[in-house]
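Contents: one structure, followed by commentary.
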Amino acid sequence: MSQEHENKHFVIQKGKAICDKGTKFPNFKVTSHQKHYWNDEKGNADYLAVTEDDVQFNPPTVPFGNCALKNNQPCSFAAAGKWKKTYNKVTILDKSCVTEISELQCSVGGKIKVMEHGQKAELSKQNFKNGSATIHNQINPLVDLDEFLDELEGDDFYS
């Protein structure tokens, strides 16, 4: 990854955007594809990857509430081009992916940024298998990690 994108998450449709001139925080709306999902093998639309061409939001009308540049009248958002500062080393249908540092300019004058990328961390069996029993016992002395791992073997815990 390039330096500025290191340790940054890709943005998904259920993430939230923020305008520096607005009052509300809409979700992203993916219109550029229905093909790639981040961290969701079932294909839930909430996990669609946001690309540089996805410049619409949900709700579509007045997505950012009231606009400071319009004397706090309703937002009339219109994208001035594509997302900037995208990660171009991963593409979907030749479109760069939006990350937490990406920006989009509004033709009215506001700057749109990523407020929440939308992804959540979830523990899997592999996380526990790779964990250090010594460190785990210091953090959580009430649970014996080896015993817990034995119980997990037959469980369908996120595999």
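Can you find, among Ala80, Ile92, Val50, the residue sitting farthest towards the positive end of the charge dipole of the stretch 3-116, where Lys and Arg contribute +1 and Asp and Glu -1 at Cβ?
In the stretch 3-116, that residue is Ala80.
Suppose we keep just the alpha-carbon trace of the stretch 99-159; what are its Rg and Dmax in angstrom?
Answer for the stretch 99-159, Rg first and Dmax second: 20.2, 60 Å.
Need the list of lysines near Lys29 for cross-linking: C-alpha distance under 21 angstrom, and skip anything on the same chain fewer than eight residues off.
Cross-link targets: Lys8, Lys14, Lys16, Lys21, Lys42, Lys82, Lys84, Lys85, Lys95, Lys111, Lys113, Lys120.
What is the calculated FRET efficiency for Asn39 to Asn66, with r their C-beta to C-beta distance and R₀ = 41 Å, to the nearest 0.05?
Efficiency for this residue pair is about 0.75.
For the chain, what does -39500 (n - 2.57) per DSSP helix run (n ≥ 4), summed and divided by total residues, give at 222 nm, in deg cm²/dmol to the nearest 500?
-3500 deg cm²/dmol
If you take the beta carbon distance between Asn130 and Thr23 as r and set R0 to 35 Å, what does 1/(1 + (r/R0)^6) give as a FRET efficiency, to the nearest 0.05?
My answer for the efficiency is 0.20.
Looking at the stretch 85-159, which GluC sites (Glu not before Pro) are DSSP coil and have at most 15 other C-beta atoms within 10 Å of their C-beta?
Answer in residue order: Glu122, Glu153.
I'm checking a number: the convex hull volume of the Cα atoms of the stretch 3-116, normalised per residue, in Å³. What is it?
89
Computed from the coordinates by the stated procedures, all read-outs in this text should not be read as laboratory data. Here the structure is a predicted model, which means the values were calculated and not measured. Methodologically, a virtual Cβ is constructed for each residue, glycine included, from the backbone with ideal geometry; neighbour enumeration extends over all protein chains shown.
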